[in-house]
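Q: To start, I am sharing the structure in question, which I have written as structure tokens.
Coordinate-derived values only; no laboratory data. None of these values were measured; they are calculated from a predicted model. In this analysis, Cβ positions are derived from the backbone assuming ideal geometry, glycine residues included, and neighbour counts consider all displayed protein chains.
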Amino acid sequence: MNWKHYFTTSIGKKLVMGFTGLFLIVFLVVHCYLNSMIFVSREAFNAAADFMATCVAMRILEVGLFAGIFLHIIQGFMLVRKNASTRGERYAVSAGNKTSAWYSRSMGLLGTLIFLFLILHINHFWVPSRITGGLNPTEVHGVEMHDLYQKMIDIFQTPWVVAVYLLGVFSLAWHLIHGFYSAFQTMGLTMPKYKALIRIVGIIFSIVICLLFALMPVSMFMGWVS
Amino acid sequence: MEHYTMNLTLKIWKQKNCKERGRFETYQVKNISSEMSFLEMFDVLNEQLIAEGKEPIAFDHDCREGICGMCSMYINGRAHGPWHQTTTCQLHMREYKDGDTIVVEPWRAKAFPVLKDLVVDRTAFDRIIQAGGYISVNTGNAVDANAIPINKQDADESFAAAACIGCGACVAACPNASAMLYVSAKVSQLALLTQGHPERKSRALNMVAQMDKEGFGSCTNIGACEAECPKGISLENIARLNREYIGAVFSGSEEKG
């Protein structure tokens, strides 16, 4: 027995999903908080984005974030593939929603939708901000930085882009409603005393985070912020 | 409840053995009493088939009082039929009305190969028990019942986990054919008791290793197993198994032999 062995059993694989999932949930909180600065002011948002881009600690965490995302995606894909192979002959009649929730059974599908959205999303903001450049410069309190705010406004003028973002966030909400609770269950933390609390906090968290995210492209498209 | 009789159409999985491919066969049964159990309805069908010179349908059954766990039937998409916390033998025909069509399939999981018709091989469960679902004790005189104090809550939870009859409905109902509810019940009933403590870490590791070896899937915490379990085994047992497993891993325990 070695460490590799422990993390490749059926429970070990799920622990990897749970740990990376909770890490990504923490990222979502930070991401949502900083992006919500668009509702405060152009300067506040640009300063927040600049902090994330220039702070060394944040750049190191960013590497961890990409590692976490890839681990979560690859491990999730491998689990879906393995689990799809355990049935053999399929049932002619299935229980459907009578014994479980559709979103709980669809984590692979929802994850794939989120992944497709992520490709577009990273290409929209992360790539020009970190790699290709080409963003307008702006100045906040005498410091020169990218005008990511203007980039957001520009991107969210296209209806289909807003629609894809809403679909991505919608998928994320359902993915989180199951994933939040499921991560705690996999870690064995859903004792009777905390179970209901974890369920409720998970659902509220998923809805609030995703509503805030959804509000961002919509506000910019509708011209509620400018 | 009013007694009535019904005529039914049954679509039942027929499979000669574990090698050949199976298929659905359609049968008609007449004058089935609403007072009959589901298995008694099968008895009527089989007697009818024997009288016609045909081969009867093979199905597992034993106690017919809901405690042995043999009667594995997947009825209209539900393990043990639609009644909550009820085995197939305790499902009664008053659930159905005249003219209904009922589809009956065997448990479907690669780890539970079909032996014949509705009979599946569940010895994978026995091998998981052999991997660690026991306590090693010297035999001898029976120990006094109250020699080891165990608190009430632990005793109750252990007893609730021990209610598992190993029927396999959890595996049948799980989209991943995962055996986690079963294994978690077997680990829990021992881990909660003082007698089970000395071997709890190797037990969790060994039983999980055997579960994987048998080809069951991973648990995705969707809860279909709990919904279909005829004995009401709770998902809290799965959380406990995860805790036992994590505890064993991070304390550096080893599997045994």
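Q: Applying the selection to the stretch A:178-208, what residues are at the interface with another protein chain (Cβ under 7 Å from one of its Cβ atoms), surrounded by 17 or more Cβ atoms within 10 Å (Cβ to Cβ) and over 15 Å from A:Phe23 (Cα atoms)?
A: Those that are at the interface with another protein chain (Cβ under 7 Å from one of its Cβ atoms), surrounded by 17 or more Cβ atoms within 10 Å (Cβ to Cβ) and over 15 Å from A:Phe23 (Cα atoms): A:Gln185, A:Gly188, A:Thr190.
Q: For B:Arg240, are the conditions met, namely being more than 9 Å from chain A (Cβ to nearest Cβ), among the basic types (Lys, Arg) and either more than 20 Å from the chain's Cα centre (by Cα) or surrounded by 20 or more Cβ atoms within 10 Å (Cβ to Cβ) (or both)?
A: Criteria not met by B:Arg240.
Q: Among the listed residues B:Ser188, B:Ser218, B:Ser178, B:Ser234, identify the single one that is assigned to a helix (DSSP H, G or I) and within 12 Å of chain A (Cβ to nearest Cβ).
A: Just one listed residue meets the conditions, B:Ser188.
Q: Select from the stretch B:5-31 the residues that are in a loop (DSSP other than H, G, I, E, B) and touching a strand residue (DSSP E or B) at 6+ places or on another chain (Cβ under 8 Å) and list them in ascending order.
A: B:Gln15, B:Lys16, B:Asn17, B:Cys18, B:Gly22
Q: Every residue in the stretch B:10-57 that is of a type in the set (Gly, Ala, Ser) and more than 15 Å from B:Met73 (Cβ to Cβ), please.
A: Within the stretch B:10-57, B:Ser33, B:Ser34, B:Ala51, B:Gly53 qualify.
Q: Could you please tell me which pairs satisfy a Cβ distance under 7 Å, a separation of 6+ or placement on different chains, a first residue in the stretch A:96-114 that is without any contact (Cβ under 8 Å) to a residue 12 or more places away in the chain, and a second residue that is among the hydrophobic types (A, V, I, L, M, F, W, C)?
A: A:Thr99/B:Ala173; A:Thr99/B:Ala224; A:Thr99/B:Ala227; A:Ser100/B:Ile222; A:Ser100/B:Ala224; A:Ser100/B:Ala227; A:Arg105/B:Ile222
Q: Continuing with the same structure: For the stretch A:111-127, does any single residue satisfy the condition of being within 14 Å of chain B (Cβ to nearest Cβ) and not in a loop (DSSP other than H, G, I, E, B)?
A: Checking the stretch A:111-127: at least one residue is within 14 Å of chain B (Cβ to nearest Cβ) and not in a loop (DSSP other than H, G, I, E, B).
Q: Please work out if A:His146 is closer than 19 Å to A:Leu28 by Cβ, crowded, with 18+ Cβ neighbours inside 10 Å and of a type outside the set (Lys, Arg).
A: no
Q: Within the stretch B:96-130, which residues are touching a Pro at 6+ places or on another chain (Cβ under 7 Å) and either within 12 Å of chain A (Cβ to nearest Cβ) or more than 21 Å from B:Trp13 (Cα to Cα) (or both)?
A: B:Val114, B:Val120 - these are the residues of the stretch B:96-130 that are touching a Pro at 6+ places or on another chain (Cβ under 7 Å) and either within 12 Å of chain A (Cβ to nearest Cβ) or more than 21 Å from B:Trp13 (Cα to Cα) (or both).
Q: Next up: Would you mind stating whether B:Ala145 is in a loop (DSSP other than H, G, I, E, B) and either within 30 Å of B:Arg64 (Cβ to Cβ) or hydroxyl-bearing (Ser, Thr, Tyr) (or both)?
A: no
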